[in-house]
Structures are given as C-alpha cells and as structure tokens.
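A.B. asks: To start, I am sharing the structure in question, which I have written as structure tokens.
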Amino acid sequence: AQQQRNLDNILSQHPRISGGKKSKKEVCASSDLEVKNTSPMSEQDSGILDVEDEDEDEEVPGAQDLVDFSPVYRCLHIYSVLGARETFENYYRKQRRKQARLVLQPPSNMHETLDGYRKYFNQIVGFFVVEDHILHTTQGLVNRAYIDELWEMALSKTIAALRTHSSYCSDPSLVLDLKNLIVLFADTLQGYGFPVNQLFDMLLEIQDQYSETLLKKWSGVFRNILDSDNYSPIPVTNEEVYKKIVGQFPFQDAELEKQPFPKKFPFSEFVPKVYNQIKEFIYACLKFSEDLHLSSTEVDDMIRKSTNLLLTRTLSNCLQNVIKRKNVGLTELVQIIINTTHLEKSCKFLEEFITNITNVLPETVHTTKLYGTTTFKDARHAAEEEIYTNLNQKIDQFVQLADYDWMAMEPGSRASDYLVDLIGFLRSTFAVFTHLPGDVDAHSTMSGKVAQTACMSACKHLSTSLMQLLLEAEVRQLTLGALQQFNLDVEECEQFARSGPVPGFQGDTLQLAFIDLRQV
C-alpha cells in the first residue's frame, strides 16, 4: 500500500511515465526516492510488507507466500468428506472471532511510541488479509457477511482505542506520524474492499487534537521569543543585514531606505521572529491535511481556524503576560505598541501566504477571515493602559514623599523637592515618547496619541493627588505660609503643563488639568 501510494504520487507528478506496468525493482527504487522526499516513514519501517529484492518481475508477496494455509484446507476437506463441514465452519469462525478480540486489544503503552501503534495496526491488517484469502480460496468456510460483521467490530474497537490513546499524546510530530500510519492502514484495507470512511472521520477529530498540541508547542516558542527580546529597535549596519530582515518580514519604508547606514528599523527583534513562527505554524497545520482526501476549501478553512486560535489565544496570552510583567519599563511598553502596530499590518501578508498555499481565494463565500488584527489591537490597548497605570503608580511614589508643614509661618524659596523631582521624571519620560525612532505613521500615532493621553492622564492624576493632600481630614488648620508653599508647587505644575512636554495639544488643554486645584 505504501509503495502504491508513492507510485501514485510520482505518477501524478510525472504523468508521462504512467504507461506500462512497472517491475517491482522500479517500484521499489521509485518509492525509495519518493519516501526520502515526502514521507515521514520510510518504506522499510512501514512494516506492512517486507519486500525481498529477488527476481525482476516478482510481485510483492501475498498472504499465501507468508502464511501456510494447508492445515485449514486439510481440515475443511476431512470434515467435508465426513459430512460435518458445518461443524468445522462454526468452529473456525468461533475461534477466529476470539483471535480477532485478542488482536484488537491494544497494549496499554501503545501511545508511547510509533512502533506501538504500528504493531497494533499490522496485527489487524494481518488478521483481515488472512480472512480475505480464506474467503477467496474456500467455498464458503467464511462468507462476506461474516467478514463484514467482524470488520464492523474491528472498526469500532480500533477507533475507540485510537481515541483513548491519541489523547495521551502531547508531541505534535508523533501525532503527525500516527496520522500517516492511520492513512496507510486505511488505504491498505480499502485495497481489500473494506469500507474505511469512519477512519477518515476519526482523523478529523485527531486533527483538532493535533492543533491543540501545536498550540501548546508554539506557546513555548512565543514565550522564549518575547522573553529574550531586548525591546529596542533593530540596528542595521549594512545592506546585507537590511535585506535579510526585509526578507523575513514584509516591511517597506521609502524614508528608511534612503537613510545612510547605520540605521534602525522601528521594531525590535520579536517582530520578524513572531511573524516567521506564525508561518511555521501554518506549514505544520498543512502537513496534517495531506492525504486526508479533503477539498482545498476544507484545508483552507482548517488552517485559518487554527491560525486564528494561535493569534487570539496563544500569542495574545503571551503578549498580555509580557505587558503585565511586574517590572516592565515604559520604553518596553512603547516598543510593544510599535511592534504590535507592525504585526497588525503584516496580517494581510499572512492572508496572502495562506491563499498561495491552498489556492482558495479570500473572496470565496465561506472563507474564514484571520482575526490577527484584533489580537494586536488588544495587546496595544493593554500596553497603553499599562503605561497610564505605570505612570500613575510612579506619581504616587513621589507624592508619598510630600512632607508639608501646614503650620509653617514662612513659605520656602522654591517648589518642594519631591515635586521638582516628580516633574523632572515626567519630562524625561515624555522625552522618550517624543524621540521614538521609526516610520512616520507609527511614530506620529505613537508619540502623538499615546503620549498625549499619557501626559493628560498623568497631569490629572497629579492634580487629584495634590487636591487630596490639601483637603486631607487630618489637616485641621493651615497657615498662609503653608498655602503659599503649596501655591509654589501648583505653579511648578502649571509651568510644566505650559511648557508643552508633549507636542500636539491645542492651546492650554493641558493646563485645564490643574484648573480645579488652582481654584481651591
């Protein structure tokens, strides 16, 4: 069956050589060649038939060459002569039923290696090949109805055993090898006229499980990529490195191309790495669908559904974990926002990549769309939220150092130390935002919208914190001196807001954050 399959593959690739029957040596040679290229199992270890390389045109040995049937024929003859043929028929069928039950009992550790599965399938194939031979060489010792009934039992037991055992398997490459073995098992028995549709249906169930094992594996891959990233733009010193990165990730920017070396890509290492791993995942999904007799739309649908899970569940979780890490810095968060912007733009190239593999056009009625864009948008929003929270926590730490003497007779000569330090921190933070490297639109949206929102949110938070200090219940009375000191601090805040720490604010929008505080 393995040789036949390889031969079919070769003939479908080279239709010219389909004329004339091939000698066994040619079949072996061609199947060897084909096996090396495509099949994960070599023809020797498929274990279905051990082919001896003898005379030129000898066929692959059949059941009669591997098993001595003469005792069965002799018994049948003797019982027939004695007029008790029916007794022997009943005895033979009863014994074979018992043997079938033994053969169909899988060993408990079958799921641990491919060999475990292979032995199990070989026993079943052996059993039915022998029965098929008996059916065709004796007049009615067994009949079609008896064999069909046995096959029904075998199918249900085999499928139940495979469901149980394959669910223990956590290694995607073993699941893939198992699939190839089941396809071979089904093709072999189909060659003997047994119906095998149920096996192919069950392979679709195993496919869901294969997807799950892939998702687990890729979860680790993404975690490693994100953990080892330095979250700073990729520097390039020469044309070769530049071309290499553009080859790994679809990025075009006329401005950046014109710049002299050394220059920097706006994104960090994890962008091309994650993009390539998504493509690797798509290839891994495709591997399972080979030989399952699926239409290209079914394959396309399966790949898209699995890729959507990879993006919305696996990659999304990994990104969220990085963003929510305890000591993640603002510059890292800003870099994540830039990175996810670029990955979101690359989703249309992933769509094209899938279309090229499956030849199903995206306009097709039932085509599932990739939800990658939502994953990257969500990650970006999470990173933005984290920036705002992060800034507010930093402001709280500074404000905790405030130590006003509400009974002071005279104000100090300048704003309080804690506030001067706090404003200094805010200035340097927003300078980071404003000097982001990168292409124009990622740059303007980044340092524009996010920086503005972050700055406004920081000013409002600072204003509220100062208001709470002033109106604290424990402060029962205060002097004019204390109020004048507090006024110096509020002026420092207003001065910061006027200085335009982040470009793009209309008029005195930012100063409005402190207007209530000024009134009080």
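The values are calculated or read from the model by the stated rules, or taken from the named source; none is laboratory data. What you see is a predicted model; the values in this text were computed from it and never measured. Heads up, the Cβs are rebuilt from the backbone with ideal geometry, glycines too, and the neighbour counts pull from every protein chain shown. In case anyone asks, the SASA skips ligands and DNA or RNA and just uses the protein heavy atoms, side chains included. Shrake-Rupley method; radii C 1.70, N 1.55, O 1.52, S 1.80 Å.
A.B. asks: In the range 383-435, what residues are in contact with a Leu (Cβ under 8 Å, 6 or more places away or on another chain), assigned to a loop (DSSP other than H, G, I, E, B) and small (G, A, S)?
C.D. replies: A402, G412, A415, S416
A.B. asks: Take the conditions under 26 Å from S167 (Cβ atoms) and either open to solvent by 20 Å² or more (accessible area, probe 1.4 Å) or not in a helix (DSSP H, G or I) (or both) and apply them to D148. Does it pass?
C.D. replies: no
One line per residue, one yes/no per condition, for (1) out of contact with any helix residue (DSSP H, G or I) (no Cβ under 6 Å at 6 or more places or on another chain); (2) open to solvent by less than 40 Å² (accessible area, probe 1.4 Å):
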{"residue": "L215", "(1), (2)": "no, yes"}
{"residue": "R223", "(1), (2)": "no, no"}
{"residue": "L226", "(1), (2)": "no, yes"}
{"residue": "D253", "(1), (2)": "yes, yes"}
{"residue": "L256", "(1), (2)": "yes, yes"}
{"residue": "Q259", "(1), (2)": "yes, no"}
{"residue": "K263", "(1), (2)": "yes, yes"}
{"residue": "P272", "(1), (2)": "no, yes"}
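A.B. asks: When the residues of the range 132-145 are narrowed to those that are aliphatic (A, V, I, L, M) and assigned to a helix (DSSP H, G or I), which ends up surrounded by the fewest Cβ atoms within 10 Å (Cβ to Cβ)?
C.D. replies: Here the residue is A145.
A.B. asks: To continue, here is another question. Inspect the range 124-131 for any residue being under 18 Å from F194 (Cα atoms), in the same structural domain as Q190 (by the TED database), in a helix (DSSP H, G or I) and open to solvent by 40 Å² or more (accessible area, probe 1.4 Å) and give the result as yes or no.
C.D. replies: Checking the range 124-131: not a single residue is under 18 Å from F194 (Cα atoms), in the same structural domain as Q190 (by the TED database), in a helix (DSSP H, G or I) and open to solvent by 40 Å² or more (accessible area, probe 1.4 Å).
A.B. asks: Can you pull out the residues in the range 128-156 that are closer than 15 Å to R97 by Cβ and among the hydroxyl-bearing types (S, T, Y)?
C.D. replies: Y146, S156 - these are the residues of the range 128-156 that are closer than 15 Å to R97 by Cβ and among the hydroxyl-bearing types (S, T, Y).
A.B. asks: Read through the list (1) modelled with pLDDT under 80; (2) open to solvent by 80 Å² or more (accessible area, probe 1.4 Å); (3) of a type in the set (G, A, S), then give the number of the only condition that G47 fails.
C.D. replies: (2)
A.B. asks: Cβ-Cβ below 7 Å, separation at least six or inter-chain, first residue in the range 352-375 and in the same structural domain as L311 (by the TED database) and modelled with pLDDT of 85 or more, second open to solvent by 50 Å² or more (accessible area, probe 1.4 Å) and part of a loop (DSSP other than H, G, I, E, B): which pairs?
C.D. replies: Final answer for the pair search is T355/L361.
A.B. asks: Run down V125, V103, V175 and say which single residue is in contact (Cβ under 8 Å) with a residue 12 or more places away in the chain, touching a Phe, Trp or Tyr at 6+ places or on another chain (Cβ under 8 Å) and over 30 Å from F88 (Cβ atoms).
C.D. replies: Step by step, each of V125, V103, V175 is checked, and only V175 is in contact (Cβ under 8 Å) with a residue 12 or more places away in the chain, touching a Phe, Trp or Tyr at 6+ places or on another chain (Cβ under 8 Å) and over 30 Å from F88 (Cβ atoms).
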